[in-house]
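Accompanying notes for the structure given below.
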Amino acid sequence: MKAISIVAVVDVVGALANDTLTGNLYLLDNNKSNGSTDEGTDVLKTRVKKGDQLVWVVQTLECEAYASIAGIDVDSKFAEYIEPQQKTYQGTNVTYWSATIKKDLDVPVPYNLRFRLASRASDIATSSSPLLLGSAA
Amino acid sequence: MSQQLAILIMIDTAAAIKAGNLADHIYLIDNAKWVGSTGEATANLVTAVDGTRVRSQMDAQVLNWLPYGIGDLPHSLPQSFFLSPAAKKTINATLVHPASDPQAPAGSAAADEAATATASVATARVAADEPSPHARGAQHIPRLEAKRMDITGALLGKSKAKGNTALYTYPMPLVTNITGEAVDKYVIFPAQYGSPDLFSKGLYWSATVDTNKVGTYAYTLHITLFNPYEKDGEVAWEPVALTFDSYINVTNEATRNGFLKVPQMLPA
């Protein structure tokens, strides 16, 4: 069992100016040593095992800009593997998303990220899906 | 006005320490991709800097380096979130209810609280050469201890540390110096700046760029990571100093910013 962090680095100004996350989102995790690939892209593939705890957090490219993760969408057919939930750091209004891998993955599990950016009225979602991969997948 | 360029230094701290180098576990990202930076979110970032200024020193380019460990708690959390209960007592005793406060007579609840907090200061102190925490007259605040937490911010006790240091969030990486070709040739003028942060010391590195020096120049980041080990049944952190080379490319393009995507002369 490991604790794995996935950091979504968002170029908020770029995403708002171009109205897309494509080219303005960089996903990184701390599990490359165990087989994660595509670090620094918007299609990060994170290698996971049963019992691993995943935490998604956001970091903006410019510290003055606001971003938070509004949702992590996983197709319900993968609910037996993972069900991410939003949580809050105790005593603050800073949120993160968390999930425990319930079962070893025998298929890749794609997910989509939705963000709240600055004062944009609606969420903005990824158009390409990062993946969770099991050791055999 | 000057253009502030941010360079995020993202590091997989545990992996870099294990490998003994940063090259495979560092990812640099800047906010100048639209100006022409290449290698975003890789170890091979070349930061583009538009060199030709349409006015004067007022629109100098400024680089800011921001280190971030992948696995750090979000830096957007308020600083007080990171403080241990002992450190919060210290602040209370030192700033909010100082024992020398004539409003708090000896034997009062406030004085007792201050005395308890002073005792906990002794355990919170890290370096032996720090000034005495009793020197309140000089408004000295002793170094404050951070909470031991996992990545969800849950408190970890000392005993849980045994054999399970992987759960600890690592202290954030520190930039300790910036040297190399770009500094030697007076292309960038780096310096460390501070902000009034209580325990992380709030230090960051920033540099102005002499944009007359057109060309690609290397600079060396000196980065200290912290490796956990057991000492007397508790987790201690051993500093690990590593270096990494990155690049800036100063061009003779005219300076642009978010308001002026097409280069043009600003009105005086």
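The values are calculated or read from the model by the stated rules, or taken from the named source; none is laboratory data. None of these values were measured; they are calculated from a predicted model. All Cβ positions, even for glycine, are placed from backbone atoms using ideal geometry, and neighbour counts span all protein chains on display.
Of the residues making up the range A:83-123, just one is exposed (fewer than 13 other Cβ atoms within 10 Å of the Cβ) and in contact with a helix residue (DSSP H, G or I) (Cβ under 7 Å, 6 or more places away or on another chain), namely A:GLY91.
Among the residues of the range A:93-109, those identified as in contact with a Ser or Thr (Cβ under 8 Å, 6 or more places away or on another chain) and within 14 Å of chain B (Cβ to nearest Cβ) are A:VAL94, A:THR95, A:TYR96, A:SER98.
Screening the range A:72-92 for residues that are under 13 Å from the mean Cα position of the chain (by Cα) and of a type in the set (Asp, Glu) and picking the one that is nearest to the other protein chains (Cβ to nearest Cβ) gives A:GLU83.
For the range A:41-67, which positions are surrounded by 19 or more Cβ atoms within 10 Å (Cβ to Cβ), farther than 17 Å from B:HIS75 by Cα and within 11 Å of another protein chain (Cβ to nearest Cβ)? Correct list: A:ASP42, A:LEU44, A:LEU54.
How many residues does the range B:15-31 hold that are within 12 Å of chain A (Cβ to nearest Cβ) and surrounded by fewer than 22 Cβ atoms within 10 Å (Cβ to Cβ)?
At the first step, the residues of the range B:15-31 found to be within 12 Å of chain A (Cβ to nearest Cβ) are B:15-19, B:24-31.
Among the residues that remain, those that are also surrounded by fewer than 22 Cβ atoms within 10 Å (Cβ to Cβ) are: B:15, B:17-19, B:24.
Adding up the residues that qualify gives 5.
For the range B:15-34, which residues satisfy the criterion of being assigned to a strand (DSSP E or B) and of a type in the set (D, E, K, R)? Scanning the range B:15-34 gives a single hit, B:ASP30. The number of residues in the range A:13-24 that are under 20 Å from B:GLY36 (Cβ atoms), touching a Leu at 6+ places or on another chain (Cβ under 9 Å) and touching a residue at least 60 places away in the same chain (Cβ under 8 Å) comes to 1. Can you spot a residue in the range A:52-75 that is small (Gly, Ala, Ser) and in contact with a helix residue (DSSP H, G or I) (Cβ under 6 Å, 6 or more places away or on another chain)? Yes, the conditions are met somewhere in the range A:52-75. One residue stands out in the range B:5-14 among those that are facing chain A (nearest Cβ under 8 Å) and either of a type in the set (Ser, Thr, Tyr) or in a strand (DSSP E or B) (or both): the one that is surrounded by the fewest Cβ atoms within 10 Å (Cβ to Cβ), namely B:ALA6.
For (1) assigned to a strand (DSSP E or B); (2) in contact (Cβ under 8 Å) with a residue 12 or more places away in the chain; (3) closer than 21 Å to B:TYR27 by Cα; (4) over 14 Å from the mean Cα position of the chain (by Cα), each residue gets a yes or a no:
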{"site": "A:THR46", "(1), (2), (3), (4)": "yes, yes, yes, no"}
{"site": "A:GLY51", "(1), (2), (3), (4)": "no, yes, no, yes"}
{"site": "A:LEU54", "(1), (2), (3), (4)": "yes, yes, yes, no"}
{"site": "A:GLU62", "(1), (2), (3), (4)": "no, yes, yes, yes"}
{"site": "A:ALA70", "(1), (2), (3), (4)": "yes, yes, no, no"}
{"site": "A:TYR96", "(1), (2), (3), (4)": "yes, yes, no, no"}
{"site": "A:SER122", "(1), (2), (3), (4)": "no, no, no, yes"}
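Counting only residues that are modelled with pLDDT under 95 and among the hydrophobic types (A, V, I, L, M, F, W, C), the range A:126-137 holds 2 of them.
Can you confirm whether the range B:52-64 contains a residue that is at pLDDT 80 or above, more than 20 Å from the chain's Cα centre (by Cα) and assigned to a strand (DSSP E or B)? Break it down stepwise before answering.
Pass one, the range B:52-64, residues at pLDDT 80 or above: B:61-64.
So of that shortlist, the ones also more than 20 Å from the chain's Cα centre (by Cα) come out as B:61.
So of that shortlist, the ones also assigned to a strand (DSSP E or B) come out as B:61.
Among the residues of the range B:52-64, at least one is at pLDDT 80 or above, more than 20 Å from the chain's Cα centre (by Cα) and assigned to a strand (DSSP E or B), which makes the answer yes.
Within the range A:2-17, the residues that satisfy the criterion of being surrounded by fewer than 22 Cβ atoms within 10 Å (Cβ to Cβ) and within 9 Å of chain B (Cβ to nearest Cβ) are A:LYS2, A:ALA3, A:VAL13, A:GLY14, A:ALA17.
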